[in-house]
Amino acid sequence: MIFSLSGKNILVTGASSGIGRQIAIACSAMNARVILLGRNQERLDETLASLQDPALHLRYSADLLEYDKVESIIKDATGKTGKIHGVVNCAGISTTLPLRVINMNKMADLFHTNVFSAINLTKIVCKPAYIADDGASIIFISSVMSVVGEAGKTLYGMTKGALVAASKSLAIELAPRKIRVNCISPGVVVTPMSKSSFYSQNENTLNQIRSLHPLGLGRVEDIANPCVFLLSDEAGWITGTNLFVDGGYTAR
Amino acid sequence: MEERIKNAFQKALEVEDKEIKLTDQFRDYEEWDSLGQLSLIAILDEDFGVEIESDDFNEIITVGDLLKAVQKRS
Ligand SMILES: NC(=O)c1ccc[n+]([C@@H]2O[C@H](COP(=O)([O-])OP(=O)(O)OC[C@H]3O[C@@H](n4cnc5c(N)ncnc54)[C@H](OP(=O)(O)O)[C@@H]3O)[C@@H](O)[C@H]2O)c1
């Protein structure tokens with residue numbers, strides 16, 4: 001069986017970099033029409049250029065924290081592509097902060113970007129005017145930190161756990177409309193985000209992180225492929241799950 | 001600035017009463033550990049708007065060295 005996204009319109013946030021970029025590429029390779037969202041226009045254009053048949057797809061450079069502007073983008077996009085069959089909420093930021101330096105500003109920043117902006121976008125896309133009438137698949141890119149811990153990951157883990165919790169109730173609430181809602185929880189994947197993390201700055205700490213992944217660190221393709229599956233009709237009976245794609249990180 | 005840097009160490013290592021001297025080699029502090037280092041880096045970023053690359057940080061030995069590094073970057 002080959003998973004196809006043919007005839008589907010898929011919205012990907014965080015498409016200007018790392019995992020989100022590869023998800024967009026994989027969706028276009030499976031014949032989806034992709035709507036790319038990110039802040040950095042130049043890197044968004046690079047993603048667009050690497051898609052199959054770039055002219056087919058749309059890209060919008062926007063800050064998802066400007067909550068009130070999101071609907072006009074969705075309206076414009078669906079006006080051009082038709083209704084949306086899949087959303088991958090991949091935009092996010094990370095941090096490693098010991099408890100002693102966590103403060104209200106940092107908590108607010110992380111929650112706004114990682115949680116509130118994704119729920120806001122999902123709320124808008126799920127309006128009957130924008131979502132496909134025969135159902136859709138919504139994915140939140142969470143993290144292994146949603147269920148396990150590391151020193152300094154309290155704040156990041158709180159936001160990723162919140163996405164898992166939200167996806168469960170959304171799965172129930174939206175099931176009557178055949179909208180499936182799932183999370184993917186990656187281990188450490190080599191991207192600009194992980195490369196700028198403190199553990200990548202020195203060989204010792206990077207080796208420690210490597211040793212936590214029995215199959216080695218992840219590649220962006222490792223996350224994009226299961227994403228394609230969850231977006232496809234072949235995953236039609238899967239909702240409310242949190243799929244770990246972590247090279248064995250959580251097997252211990 | 002000197003006082004603020006000393007305070008940054010006190011905050012990062014949670015040792016409000018400890019006397020911090022410019023000549024101290026801070027990695028010798030009993031309280032120095034990886035969480036302390038992460039905290040110090042977070043404080044430099046938030047309170048001073050300064051980011052110090054890991055390689056550069058490794059060359060900073062004393063509290064006074066850090067003061068100079070922060071002054072250079074701010
Ligand atoms: N890499 C890992 O090891 C790892 C592991 C587990 C989970 N994850 C999760 O996977 C997702 C992608 O991570 P990545 O490694 O691919 O990171 P990345 O390369 O840093 O990409 C992050 C993306 O999020 C976008 N973004 C951030 N804030 C935004 C905002 N306010 N509005 C619009 N877009 C925004 C960025 O857009 P611009 O660049 O245009 O600003 C960028 O496209 C994140 O949710 C992350 O938490 C990553």
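A few comments on the model shown:
- Members of segment A:71-93 found to be within 11 Å of the ligand (Cβ to nearest atom) and buried (at least 22 other Cβ atoms within 10 Å of the Cβ), listed by number: A:VAL88, A:ASN89, A:CYS90, A:ALA91, A:GLY92
- Elements of the type helices (runs of 4 or more DSSP H) sitting completely within chain B and holding at least 3 residues that are away from chain A (no Cβ under 13 Å), modelled with pLDDT of 95 or more and under 25 Å from A:GLN208 (Cβ atoms): there are none.
- Every listed requirement among (1) modelled with pLDDT under 95; (2) within 19 Å of the chain's Cα centre (by Cα); (3) more than 18 Å from A:SER143 (Cα to Cα) is met by A:ASN204 save one, (2).
- Only residues that are of a type outside the set (D, E, K, R), near the ligand (Cβ under 8 Å from one of its atoms) and not in a strand (DSSP E or B) were counted in segment A:48-68, giving 3.
- The residue that is farthest from the other protein chains (Cβ to nearest Cβ), among those in segment A:139-158 that are in contact (Cβ under 8 Å) with a residue 60 or more places away in the chain and either closer than 19 Å to A:VAL245 by Cβ or in contact with a Phe, Trp or Tyr (Cβ under 7 Å, 6 or more places away or on another chain) (or both), is A:ILE139.
- Residues in segment A:1-47 that are farther than 16 Å from A:ILE139 by Cβ, within 16 Å of the ligand (Cβ to nearest atom) and of a type in the set (S, T, N, Q): A:SER16, A:SER17, A:ASN40, A:GLN41, A:THR47.
- Listing of helices (runs of 4 or more DSSP H) fully contained in segment A:129-247 that carry 2 or more residues being among the hydrophobic types (A, V, I, L, M, F, W, C) and within 17 Å of A:CYS27 (Cβ to Cβ): A:220-231
- Breaking point among (1) surrounded by fewer than 20 Cβ atoms within 10 Å (Cβ to Cβ); (2) more than 14 Å from every other protein chain (Cβ to nearest Cβ), for A:MET107: (2)
The values are calculated or read from the model by the stated rules, or taken from the named source; none is laboratory data. Keep in mind the model is a prediction, meaning the values are calculated, not measured. Note that we place each Cβ from the backbone using ideal geometry, even for glycine, and neighbour counts take in every protein chain shown.
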